[in-house]
Amino acid sequence: MREIVLLIGGGGREHAIARSLADSEVDLYACAGNRNPGIARLASGFETLETTEPEAVVEYAESIDATIAVVGPEAPLAAGVVDELEAAGIYAFGPKRADARIETDKAFQRRFMAEHGIPGCPDFETFDHPEAACEFIDEYEGELAIKPAGLTGGKGVKVIGDQVTAEEGKAYIRESEYDRIVLEERLIGEEFTVQAFVANGAVRTAPAVQDHKRAFEGDEGPNTGGMGSYSDATRELPFMTGDDYERAVEIVEATVEALDGYKGILYGQFMLTADGPKVIEFNARFGDPEAMNTLPTLETEFLDVLVAARDGEPLPELSFAERATVCKYAVPEGYPTEPEAGAKVQVDEESAGDALLFYASVDERDDGIYTTTSRSFALVGVADTISKAETIAEDALTVAGEEGLHVRHDIGKPALVQRRIDHMAELRGD
């Protein structure tokens, strides 16, 4: 029997999910608030609807007789879409709202880690009042990261000593009107992500990925949803050891065990410090852009993972090609603070050459595809080495051109990767 899979979400991450299912024995349908042309071309049907309204998602799922649903973004998880789908008898690969709090509520996340003795948790305090948080900044001996407790699309964190001064941090807290704030020790090191496929007590992890949040080259500028990322042909990244990767996996496994019954993707974002991996945060879904590094190298059928999860069977062991990947996002000029929409996208799947093209937030018109005010599209190179993969992505970006777009060209280049290696060697005293 062919499965009828409903994909919820319309970004680059969801385009990567759609592509990973396209060659399987599946009838794929999708729904999102934006129409993603890449997903629409792979799907049997695409419905534009508000994915944070569970009733609308359930109604569409029932209309297509969906046998499995896959939730891409965090907002539908926070809205309880998985809860309502399963109440309607439709299996959803993703955590219920209570379990999604591991991402959607950073105060809960930190308290959960502390209560269950999960390793890698930094020093932290949570606050309901801005002035109490500001007083803690004055009293704390060291630098702090300021995090709103709720969802901010990866753009709400401010790090004292890196992005802001202590006084600027206090002003940010007072002016932001967030109802809850988490303050935690500033972690020094190199960031990386390990994503895990989780169901029926099984945890299957993917190779590590390094995302680049800052808008400009050299890790300068404001935080974004992610300007691009890279992975190596091994499970670990060049600045990591195999033991670093395994310690991160152990933290993910301990978290899954403590959550008791979690299903879907659990994404651990880590800082590799001189003392090993520390948890920056957990997400309850694939990363964007990290899904575009991970899914193209997944040799195991993603559909087999979904079916096993639904049927209560052990998840298959995952096989990944020994290939490196480099993903570079093209975003509208002025992103993220003053993005300018309306540039025509000049590259398509054919002209991208050896690179993979993933659409994110774009506007398809009769005469072509145009940028909106969010991240537009990503180009991914896959090759034997990071350097070769980076060249493939850059060649496709040459076709895309620069008009109306901004790209971090340094992602995946040898000089930037070497800087990561040198940084960790310095921190470890090597």
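The values are calculated or read from the model by the stated rules, or taken from the named source; none is laboratory data. These figures come from a predicted structure and were not determined experimentally. All Cβ positions, glycine included, derive from the backbone under ideal geometry; neighbour counts span all protein chains shown. Heads up: the accessible areas ignore ligands, DNA and RNA and are worked out on the full protein's heavy atoms, side chains in. Shrake-Rupley method; radii C 1.70, N 1.55, O 1.52, S 1.80 Å.
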**Item:** Yes/no for S63 being more than 24 Å from R97 (Cα to Cα) and of a type in the set (S, T, N, Q)
**Value:** no
**Request:** Taking only the stretch 296-329 into account, find how many residues are surrounded by 18 or more Cβ atoms within 10 Å (Cβ to Cβ), out of contact with any Leu (no Cβ under 8 Å at 6 or more places or on another chain) and outside any helix (DSSP H, G or I).
**Result:** 6
**Fill in**
Given (1) acidic (D, E); (2) in contact with a strand residue (DSSP E or B) (Cβ under 8 Å, 6 or more places away or on another chain); (3) closer than 21 Å to P336 by Cα, D219 misses just (2)
**Message:** I'm checking my understanding of the structure. Among residues of the stretch 85-98 that are surrounded by fewer than 21 Cβ atoms within 10 Å (Cβ to Cβ) and out of contact with any strand residue (DSSP E or B) (no Cβ under 8 Å at 6 or more places or on another chain), which one is farthest from V198 (Cα to Cα)?
**Reply:** A88
**Fill in**
Checking R174, R204, R214 in turn, the sole residue that is open to solvent by 20 Å² or more (accessible area, probe 1.4 Å) and in contact with a Phe, Trp or Tyr (Cβ under 7 Å, 6 or more places away or on another chain) turns out to be R204
**Request:** Exactly one condition in (1) among the hydroxyl-bearing types (S, T, Y); (2) touching a Pro at 6+ places or on another chain (Cβ under 8 Å); (3) closer than 16 Å to R35 by Cα is not met by Y370; state its number.
**Result:** (2)
**Request:** Taking only the stretch 215-248 into account, find how many residues are free of Cβ contacts under 8 Å to residues at least 24 places away in the same chain and in a strand (DSSP E or B).
**Result:** 2
**Prompt:** In this structure, is G312 touching a helix residue (DSSP H, G or I) at 6+ places or on another chain (Cβ under 6 Å), over 25 Å from A383 (Cβ atoms) and small (G, A, S)?
**Reply:** no
**Asked** Quick one: is A355 out of contact with any Ser or Thr (no Cβ under 9 Å at 6 or more places or on another chain), of a type outside the set (S, T, N, Q) and under 25 Å from G9 (Cβ atoms)?
**Response** yes
**Request:** Restrict the check to the stretch 112-125 and report whether at least one residue is open to solvent by less than 70 Å² (accessible area, probe 1.4 Å), closer than 25 Å to T52 by Cβ and of a type outside the set (V, I, T).
**Result:** yes
**Complete:** If we take the stretch 332-430, then strands (runs of 3 or more DSSP E) inside it with 1 or more residues that are over 20 Å from P222 (Cα atoms) and open to solvent by 20 Å² or more (accessible area, probe 1.4 Å) are 356-359, 362-365, 368-371, 377-383
